[in-house]
Amino acid sequence: MPTRPLFPTLLYTAALQARGLGAFNRQLLHEIRQLRQDDTAGRRWSATNYPKGFTSYASANRLHRTSRTFAQLERKLAPHLRRFAGALGLDGARHKLVMTDCWANIMSAGAAHGLHLHPVSTISGTYYVQVPKGAPGLKLEDPRLDRMMAAPPRRSDAGSNQSWVLIPAAAGQLVLFESWLRHEVPANPARGERLSVSFNYA
């Protein structure tokens, strides 16, 4: 074909494992809720920076080093990370990716996470532990958007050429993306709490 993709933005989504996640997710749920109860600094930071939600991003962001359950999550993520890094053409022989950060997020009704990226990281991602019906997914921004000065609006059927793409969230689902890709989570309209674990590799 005369048209071909150049410089594509790749996204990886998969179930963490084929089956048997019930007990593991229940343990993650228990630890995340216990963390919210114990993490005074995290609750204080979240009250200012993450209204109606809780995140351990600024207080306990090395959970894979302090919890057996989160260390187990890191091991379960490893084969997915290798597949995604391979698809990106990253040179794993000379530069091994290592999990540098791992933190918990709880989004209550009305909580949102504004547009951001993850500097000084290579690959970032989220694992969904609990997603109530109607809770938002991950909204990704076209990285070319700030350079499309005279671009007309896109058709609704533009697919991956849309300016924004929303990736639905589901318990047991994993999303990986390159850390430079800007993203946000719209306000949670659901009555239940949306729980996830986010992480960076560098």
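The values are calculated or read from the model by the stated rules, or taken from the named source; none is laboratory data. These figures come from a predicted structure and were not determined experimentally. Neighbour counts run over all protein chains shown; Cβ positions are idealised from the backbone, glycine included.
Name the single residue that is farthest from Y12 (Cα to Cα) among those in region 55-87 being part of a loop (DSSP other than H, G, I, E, B) and more than 15 Å from the chain's Cα centre (by Cα). If we take residues in region 55-87 being part of a loop (DSSP other than H, G, I, E, B) and more than 15 Å from the chain's Cα centre (by Cα), then S59 is farthest from Y12 (Cα to Cα). Put simply, of A60, A111, A78 the only residue that is modelled with pLDDT of 95 or more, touching a Pro at 6+ places or on another chain (Cβ under 8 Å) and not aromatic (F, W, Y) is A111. Residues in region 146-202 that are over 19 Å from the mean Cα position of the chain (by Cα) and under 25 Å from E74 (Cβ atoms): there are none.
Quick check: is even one residue across region 171-189 surrounded by fewer than 19 Cβ atoms within 10 Å (Cβ to Cβ), among the aromatic types (F, W, Y), at pLDDT 95 or above and farther than 28 Å from T69 by Cβ? Scanning region 171-189 turns up at least one residue that is surrounded by fewer than 19 Cβ atoms within 10 Å (Cβ to Cβ), among the aromatic types (F, W, Y), at pLDDT 95 or above and farther than 28 Å from T69 by Cβ. Among residues of region 80-96 that are touching a residue at least 12 places away in the same chain (Cβ under 8 Å) and surrounded by 13 or more Cβ atoms within 10 Å (Cβ to Cβ), those with a beta-carbon under 9 Å from a residue that is in a helix (DSSP H, G or I) and of a type in the set (F, W, Y) at least six positions away or on a different chain give the pairs L90/F84.
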